[in-house]
Amino acid sequence: MRLQITLAEVTDRIIARSAVTRRAYLDRMGEAAGKGPARAHLSCSGQAHAYAAAGADQSALAEASTGHLGIVTAYNDMLSAHQPFETYPALIRDALRAAGATAQVAGGVPAMCDGVTQGEAGMELSLFSRDTIAMATGIALSHNVFDASVYLGVCDKIVPGLVIGAQAFGHIPAVFLPAGPMTSGLANDEKAQIRQKYAAGEVDRATLLKAEMAAYHGPGTCTFYGTANTNQMLMEFMGLHLPGSSFVNPGTALREALTIEGAKRALSLSALGNSYTPVCQILDEKTYANGIVGLMATGGSTNLLIHLIAMARAGGVILDWQDFADLSEVVPLLARVYPNGLADVNHFHAAGGLGFMIGELLNAGFLHGDTKTVAGAGLENYSQEPFLSEEGGVTFRPGPEASLNEAIVRPASQPFQATGGLKRLTGSLGTAVIKVSAVDEKHHVIEAPARVFHDQEDAKAAFKAGELTSDVIVVVRFQGPKANGMPELHSLTPMLAILQGQGKRVALVTDGRMSGASGKVPAAIHVVPEALDGGPISKIRDGDLIRLDATTGTLEILTKGVQEREPATADLSSYQQGMGREMFAMFRRTVSSADTGASVFDAGVPDAG
């Protein structure tokens, strides 16, 4: 199928914009590949330290006679999505030893649960944890003894951080191993209804807790289509997972077999074999364009509008929000998964899932089919789905050619809507993004007076006090990366949904973020310039008229004279200490803007503009 013209144009634009930085990155990776792992060149003392705890693998490592796999793990018990990773290293070591190879845990990286920290001080460390994870990955692999690597991570900042770190070692192969979603519990829409009733004072806390625990009830990823599951989608669209592996539940025989197969695949791609495929060759301009297409076609999380930019820059690829906007205008929305629909990711997977979608988008010309992947050359590999073989391993067969439930996933010829789920907004208020895939069309245009807050708790207090009684655009500012680490403001969702349900015209405008699970209330987020930089959002006052228009992609201050005002200031001292926040002052001082990835890394990459 001929490549869709906008995809071709956007990709060519990315390639041209990235020419200098991409070339410099590939030159560095080529130099690193030429040196190879230093395992055999370590001093005797160095080797003894490296293999002291390797047990039965000591002699094989000392003789450098076999492939050696480094495991970077984000395991902890706090994240249900990461709890299954506890057993992965032993499983991988045993399987590789039986195959004549070796593996070690290279290191662990932190992983925090945004569900736990939502609305709490810890949320202000969430975005910064991504770059911390990337740095921890670099430390883990800096021993330079590995021929290939695998990465155990799923959730919001963890996968982007691991991808950034993996690209610093882009001269070796990288395979990402997921844990899969928890089995379906209380339906996500029922859970949301209980939250709204609690916010309105209609049910007690015991009822709320019972509903929450019925929704989040076991090991695995949360089942809604938020940032964690958007990450899993991307890893298939970008060729870093094995095909069809993202949404296989934990604790199943197929999940275990896929983990073993992924580890073996990573070593098969190393320079020791005949299929050398370092991750720097996989994550190129076409692959990142495919990732944007996947984001739009599935109505994925707005957080990836920040993370994908940071991930790409780590490999010398320069993306900007216009790339996302242009592709969103042409890529059809093929999936309806909560909060964009009623289904969860288990239902989506059963209806045909990513394999069906990738096949449809390839056949319609919306994906580059000639990318390299860990499954081999060509993205067509990802229209397959995995099954257990008779020997207990994994075999891949062609996936479904038709949707098994068109209320959840549809063919490209009959999409839910002709355009993607995310849009860029520009205008006198600045530049922002909005997720429209879950917003009813009657709410795509909101014009209302502003009510301005410097903290989400103040906004919630005003709601509880009955102060929000008419149409309103709630402006929550000083929530950008420089101000306080750009926390998610998902805890505002119930009150905003209640106001919307009362028939009011309501929207949110903020320089902060929203959860990937948010969606039904229009929210212009990631506003740049942020308030701390003196952007127009810092000049808005209560009562100023604002127009958010998702149909035309505009965000305007209609009140005259606002731009001539002095920027507001805020006392940010409460954001600077406690819960570890004092240790991240350097991050707040050096972080880039949201539209350039909100990153603390300075890789000599120029602004996209």
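The values are calculated or read from the model by the stated rules, or taken from the named source; none is laboratory data. Since the model is a prediction, treat every value here as computed from it, not as a measurement. In this analysis, Cβ positions are derived from the backbone assuming ideal geometry, glycine residues included, and neighbour counts consider all displayed protein chains. These area figures cover heavy atoms from the full protein model, side chains too; ligands, DNA and RNA do not enter into them. Shrake-Rupley method; radii C 1.70, N 1.55, O 1.52, S 1.80 Å.
Brief remarks follow.
- Computed 3J(HN,Hα) for the range 354-369, one whole-Hz value per residue from the Karplus formula 6.51 cos²θ - 1.76 cosθ + 1.60 where θ = phi - 60°, is 5, x, 5, 4, 4, x, 5, 5, 5, 5, 8, x, 9, 9, 6, x, glycine and proline marked x.
- Each residue of the range 190-196 was assigned a 3J(HN,Hα) from its phi angle through the Karplus expression (A = 6.51, B = -1.76, C = 1.60, θ = phi - 60°), giving 5, 4, 5, 5, 5, 4, 5 Hz with x at Gly and Pro.
- Entry comment: accessible area of the range 487-609 is 43 Å² per residue, from protein heavy atoms only and a probe of 1.4 Å.
- Our coupling estimate for the range 143-148, obtained by passing each phi through the Karplus curve with A = 6.51, B = -1.76, C = 1.60 and θ = phi - 60°, is 5, 6, 10, 10, 8, 7 Hz, Gly and Pro reported as x.
- Applying 1/(1 + (r/R0)^6) with r as the Cβ-Cβ distance of N76 and S389 and R0 = 45 angstrom yields a FRET efficiency of 0.90.
- Efficiency of FRET from Cβ geometry, S45 and E441, R₀ 60 Å, rounded to 0.05: 0.30
- Rg to Rh, two decimals, where the range 344-404 supplies the alpha carbon set and Rh follows Kirkwood: 1.00
- A 1.4 Å probe run over the protein chains yields, for the range 400-441, 43 Å² of accessible area per residue, whole-number rounding.
- Of the peptides 561-571, 138-148, 419-429, the order by per-residue mean of other Cβ atoms within 10 Å, starting with the highest, comes out as 419-429, 138-148, 561-571.
- Straight Cα distances below 13 angstrom link K372 to the aspartates and glutamates E236, D284, E285, E380, with same-chain residues fewer than 8 positions distant left out.
- Cα centroid separation, the range 77-99 to the range 491-569: 44 Å.
- Share of carbon and sulfur in the accessible heavy-atom surface of the chain [1.4 Å probe, %]: 53 percent
- Highest to lowest packing among 168-175, 277-284, scored as the average C-beta count within 10 Å: 168-175, 277-284
- FRET E, pair K464, T426, Förster distance 45 Å, beta-carbon r, rounded to 0.05: 0.85
- Under 5 Å, built H, 5+ apart or other chain: amide partners of Q417: L333
- Given K482/K504; K35/K264; K442/K482, the pairs whose alpha carbons are separated by over 28 Å: K482/K504; K442/K482
- Rg/Rh, computed from the Cα trace of the range 347-472 with Rh as the Kirkwood radius, has the value 1.17.
- For K560, the lysines whose Cα falls under 22 Å of its own Cα, not counting residues fewer than eight places away in the same chain, are K539.
- For the range 1-72, the square roots of the Cα gyration tensor eigenvalues, ordered a ≥ b ≥ c, give a/c of at least 1.5 with a/b greater than b/c, which places it in the prolate category.
- Extent along principal axes [Cα atoms of the range 150-218; Å; largest to smallest]: 57, 22, 17
- Reachable lysines from K210, criterion Cα separation under 29 angstrom, eight or more residues apart if same chain: K157, K191, K197, K460, K464, K520
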